[in-house]
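The values are calculated or read from the model by the stated rules, or taken from the named source; none is laboratory data. Everything numeric here is computed off the predicted structure, so don't read it as measured data. We place every Cβ from the backbone using ideal geometry, glycine too, and count neighbours over all the protein chains shown. SASA here: full protein model, heavy atoms, side chains in, ligands and nucleic acids out. Shrake-Rupley method; radii C 1.70, N 1.55, O 1.52, S 1.80 Å.
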Amino acid sequence: MASVHRLTELRESLTLLTGDRRRQDVVSSTADLLAKWRQRRPDFIRDACDNWERTVAVRLLCANKMLLVDGLDDLAAGRRRFNAFAGDQLLLLAEAARLQSQPAVALIHLGRARKYCTQTSATSTRGSSPTSVAWRAACAKAWTTAALSLDTDRNLDAMSVAEKVAKVRRQLISPSPTWEELLAAGLCDRASAALLRIQLASSPPSTGQANMRAEAEAFDKSALSNLQSAASKADSGGFADVGSSSLQCHLELIRFCDSCLLEAAPNQQPQQFRAALRAQAVDSVTSAMRCGSQEASIRFPRLLCLLGESADDEASQNPADESLSSRFSRQMASVPVWLSLPWLPQLVSLLDKPDQGGSAVLPLLESVCDIYPAALVYPFRLARANYRFETGDSGARQAAERLWQRLRRLPLVEEFIAQMGEVCLPACTALDWLSNAKRSIGQTERLRELHAEAIDQLFFDPDGPQAGGHGRLRREFAARHRREFLAALPTADRLAGIRSETELQRAVGKLWKRVRDERDSSSVATARLADFSTWLAEFAAAEHGDAYLEVPGQYQCRDNLTASLAKPQPELHTRIAGFGDTVRVMSSLRRPHRLTIRGNDQRDRPYLVKAGEDLRQDQRIQQALGLFNSLLQRDIQCRLRRLSLVTYQVVPLSPDLGILEWLERTQPYKDFLVHQMTATEQRIHSKQCIDYSKFVSNDHCKLYTLPDQQVVQRHFQPLLDCVPDWLLARGLRQLSSSWEAYYAMRDTLVRSHAAMCGAHWLLSVGDRHMSNYMLCLDSGKMIGIDFGYAFGTAITFLPTPELVPFRLTRQICGAMGPLPPSQGAFVRCLGHCLAALRRERELVLSVLQVFINDVSADWKQLAGMLTAAHRESAAAWDTNGDRTGSKSASASSAAAGGSGSIASFSCPERWFSSEKLQVVRQKLSGAHPCQTLKSELLLDRHRGKPYTPGMLAVIDRRRINVGDGDAAERLVPMQQAELLVDMATDPALLARTYSGWQPDL
């Protein structure tokens, strides 16, 4: 397309030059053609710089000839017009390179543009021409980008960058600066502060650091003042379009405020300055959202975090000052409501938290309820089950109840959710009920509610009127087990009186053993929907009149977060016309069911109904992956390599029920590999697995106390050698119609797996066994599923910690051959993925913070366990940690200006969330992967154990020569990628991984 573009413009210029026209017509046409070319601006994100370099070269060549012909009578006028055009084109080219994170390329183009801009300024009658002002502003932006890219590009020298930034800053001093000069001055001040902090971090403690820190704070204040002045001056022009001057200023203000608030600890900044940053962030985000800025809309959840952070500071501020909550409510009143729809789960979770902005988001939720009730009903219903209002907070309780009463008027929704809960094997529902009862021991009211639920949903009278609302399978289950349940727990008081798990086990142990055996022996693969729910099987939209059900998930993002930022049209949304006649039962532990929803657009949509699990974390992970997709598409290197993540819709319906989008033409990675084995290979592999399991004896952690020769060479290596390493490659070849198709599919596999591994490592996604991957049979893309163990929980809480950063085992490496993953496309794609996410680390941290703060019930339980254990053994571990040369995560994060101690937080969940966010911040700052792994590993159950020194020794082994080998040194993304690949393929780690993870395949 770029070649066609250049040929088209060359033809236009030749037609103009050789046309048989009078000279006055030629002059007029040349001006029109140049104006036309000026409108053909490069897409600063999507168009590669090298293509536009060639296009601009052709334009300058043609423009020079045309303007010389125009200016035969006045050569000086023709030269002036050419200089203005050339300077404008080269400035556009430099801006494209800067936005594509190529500051060195941008500076080259600015050097070329300087000649034309200087000549334009010299011939200008106004002294300083707009072109020269734009050139100085572009130089400031380019050097600022270079300063902020020092941690991702080691080719830049910090000292030379600092000198250039100071030089450009001096050139911007003028008595009446324009908005461009003020913006450039603010960016230079921001870059100077960032360079000082880099110098502070790399220098040893000294008395001069206090002066450097004070100088950095002065630069921050000057940057805020200049950026605010630029925005104020540009606001007079209004928001003409998304590229207007005012919008540019507000976006830079958003980035600056976010960077200052995230990078510095609260005790390292004056309280008044932090309050000014928060207020300016609210003003700029909402102002940019009003004109439809996608970046501002993505940063909207950051405002929710600021509302919570400002609560403590506002207690000591002047009562006459406007609070941040009031400012938020006032500004959001003029923002289109639909821009907040992607963040509804996070908004509704704040209603019972007045100290975190619950009152501020209430008017916004009421507007959503009026305009888009179908978008609010599912997240609000889910959050309402976890509301815990304070005793004196009657206003928030009444407001939430008003919202609930309005949402309950939506027809069919409550019945739809209840009936979807019926689409589950009764034995699985009963086992989930027992798990809830165990977790609720000591909570009298909750146990009474659980007893009533059991009688209503599982152990009802199969011959009574209540049985008519249940399917055949539930009725048969109740007939088999009702009498025994009532004998063990006849009343709610009996269940509420149980004080321990042992007592509960004595009461219902035999019954639940039979129920578990019934689930394990179930051989149902396909069943009629009527056997689960007659209401769903007989549902017909025409029978309900004006009442209707929308297909869930139509307000959520799909693949790309920015793609969902379009105004929804509920009248055009697909509605449910009916359901498929059959249900497919999966063979995994929880026995999820595949259900088909038929829409009124004549399309069938398959969904996976999953009960007994809180899917809110899966939903958050999918939102985060959607954000990552947006950032990968904005990075030129990732877009050229077609790096993207496959996402799917997750719609939680209740705390233990939800539906997931079914991905067609996919197969579990484990099934795909097993089907490629011959019968002989399967038999030999099964025998080797049994031998290895006998060696492990269900105690994988003891392997860290044994030498590598015994674990790896004597036991793990025979397991690797029993099957060839080209099973995956053979399967891909069978899916391909030709060798060309095979290489294309293999290339897609490598790129998709690299992007997925980078995102999963950043989010600390664990439990990556083979069944948690899906392989697309059409394209070869690798897809991750089931994110129950995210944010490091697989490392911290599993009995056998998952120490490998992601799955890069022998079969995947064999499919990437002949080059190993450390030398081929995989490590390069992984490095580019990490670089793209690190360049936008403020945005990533902003969004992840609100995700992590939106805790689920499982998250609260883990936070409570970890907090109790940490408080009990913190002092003992500090002593032991000195012996092993390691520190606890909270100690290391506090030393780095991180989350701090548990005592500084009001509840365990906030401390736990802060620790997890600190790990993400370390990864995005270039921390050594081994260091972040140890900080997560030593949070809880693996501290001070006999095998802990062995674990740390395996993690700390020298992997790749990174500079001086200093683990505290900031690494560039490609160095992180090389280390991660080395860790993921390390036989010493794989041999000690949980055997059910199947590290040999």
Discussion item. Can you order the peptides 983-994, 714-725 by their average number of other Cβ atoms within 10 Å per residue, highest first?
Written reply: 983-994, 714-725
Practice prompt. With all protein chains present, calculate the accessible area of residue 945 using a 1.4 Å probe and round the result to the nearest 10 Å².
Written response: 80
Worksheet item: Under unit Cβ charges (Lys, Arg +1; Asp, Glu -1), what dipole magnitude, rounded to 20 debye, does the chain have relative to its Cα centre?
Response: 1700
Item to complete: Order the peptides 222-235, 600-613 from the highest to the lowest mean number of other Cβ atoms within 10 Å of their residues.
Response: 222-235, 600-613
Practice prompt. State, as an integer percentage, the relative contact order of the chain based on alpha-carbon contacts under 8 Å between residues 6 or more apart.
Written response: 8
Practice prompt. Determine the order of 662, 433 by accessible area, beginning with the largest, at a probe radius of 1.4 Å.
Written response: 662, 433
Item to complete: Count the net charge of all other residues whose Cβ sits under 11 Å from the Cβ of residue 704, scoring Lys and Arg as +1 and Asp and Glu as -1.
Response: +1
Worksheet, complete the sentence: Answer in debye to the nearest 20: the dipole magnitude of the range 534-661 about its Cα centre, from +1 Lys/Arg and -1 Asp/Glu charges placed on Cβ, is 700
Worksheet item: Accessible area per residue, 1.4 Å probe, Å², for the chain: what's the number?
Response: 42
Item to complete: Would you tell me the accessible area of residue 283, worked out with a 1.4 angstrom probe on the heavy atoms of the protein chains, in Å² to the nearest 10?
Response: 30
Worksheet item: Residue farthest toward the positive end of the dipole of the chain, with Cβ of Lys/Arg at +1 and Asp/Glu at -1: which of 617, 37, 185?
Response: 37
Item to complete: Please state, as a whole number in µm²/s, the translational diffusion coefficient that the Stokes-Einstein equation yields for the range 131-291 at 25 °C and 0.890 mPa s, with Rh defined as the Kirkwood radius across alpha carbon pairs.
Response: 151
Fill in: Heavy-atom SASA rank of 6, 46 (probe 1.4 Å, accessible area, largest first)
46, 6
Worksheet item: So what's the projected area for the chain, the Cα convex hull averaged over all directions, in nm²?
Response: 46.7
Response to the item:
Compactness check, the range 488-608: C-alpha Rg relative to the 2.2 N^0.38 Å globular estimate gives 1.55
Worksheet, complete the sentence: At q = 0.10, 0.11, 0.13, 0.18 1/Å the base-10 log of I(q)/I(0) from the Debye formula over the alpha-carbon atoms of the range 534-661 is -0.40, -0.49, -0.66, -1.09
Fill in: Over 22 Å (Cα to Cα) - which of 36/141; 115/141; 610/670; 781/923; 438/513; 702/934 fall in this group
36/141; 781/923
Worksheet item: With every protein chain present, what accessible area does residue 535 have (1.4 Å probe, heavy atoms only), rounded to the nearest 10 Å²?
Response: 60
Discussion item. As a test of the formula, what do you get for the chain when each DSSP H run with n ≥ 4 contributes -39,500 (n - 2.57) and the sum is divided by the residue count, at 222 nm and rounded to the nearest 500 deg cm²/dmol?
Written reply: -19000 deg cm²/dmol
Practice prompt. Could you point to the residue in 498, 761, 360 farthest towards the positive end of the chain's charge dipole, with +1 and -1 charges on the Cβ of Lys/Arg and Asp/Glu respectively?
Written response: 761
Discussion item. I'd like the carbon and sulfur percentage of the solvent accessible area for the chain, probe radius 1.4 Å, heavy atoms only, ligands and nucleic acids excluded.
Written reply: 50
Worksheet item: Just by accessible area at a 1.4 angstrom probe, what is the order of 344, 362 from largest to smallest?
Response: 362, 344
Practice prompt. Mind ranking 536-548, 640-652 by how tightly packed they are, going by the mean number of other C-beta atoms within 10 angstrom, highest first?
Written response: 640-652, 536-548
